[in-house]
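What follows is one structure encoded as structure tokens, with my remarks underneath.
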Amino acid sequence: MSINAYDAASAYGSGFSGIPASKVKGPADTGTANSAEGGFGALVSGMVTDTADKLQAAEQASIRQVAGKGDLIDVVTAIGAAETALDSVVAVRDRVVGAYSEIMRMQI
């Protein structure tokens, strides 16, 4: 599987789409790597939580539509949002695995 620069940048940008501006920190106020409020782990955790919420919303929209209480456009929109979120998480995971593999190949 090949990931081009545009896909990686899109996945990175969509990861920040759900984060309020007050939570984004600049280089001067990043704190420690193990801080509970920020860091890569918090970003990934937020992305996974957001993706799970979108997948659950898509399931609920599908259930409502099958029961005759929802519109098909709502189902399509919810599934599209869930698919985009899942693609972003998978792209980040692929980049992390690739970076880990590259680090493991480095000579000490």
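The values are calculated or read from the model by the stated rules, or taken from the named source; none is laboratory data. Note that the structure is predicted; figures quoted are calculated from it, not measured. For neighbour counting, all protein chains shown are included, and Cβ atoms are generated from backbone atoms with ideal geometry for every residue, glycine included.
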Are any residues in segment 72-108 β-branched (Val, Ile, Thr), more than 10 Å from residue 58 (Cβ to Cβ) and part of a helix (DSSP H, G or I), and if so, which ones?
73, 84, 89, 90, 92, 96, 97, 103
Pairs under 6 Å by beta carbon, first residue without any contact (Cβ under 8 Å) to a residue 40 or more places away in the chain in segment 57-71, partner not in a helix (DSSP H, G or I), six or more apart or different chains?
61/70; 64/70
Out of 65, 56, I need the residue that is out of contact with any strand residue (DSSP E or B) (no Cβ under 9 Å at 6 or more places or on another chain), part of a helix (DSSP H, G or I) and exposed (fewer than 14 other Cβ atoms within 10 Å of the Cβ). Which one?
56
Here are the criteria: (1) in contact with a Leu (Cβ under 7 Å, 6 or more places away or on another chain); (2) modelled with pLDDT of 95 or more. Tell me which single one residue 65 does not satisfy.
(2)
Being at pLDDT below 90 and either on the phi > 0 side of the Ramachandran plot or not in a loop (DSSP other than H, G, I, E, B) (or both): is that true of residue 13 here?
yes
Any chance segment 19-39 includes a residue that's modelled with pLDDT under 60 and surrounded by 14 or more Cβ atoms within 10 Å (Cβ to Cβ)?
yes
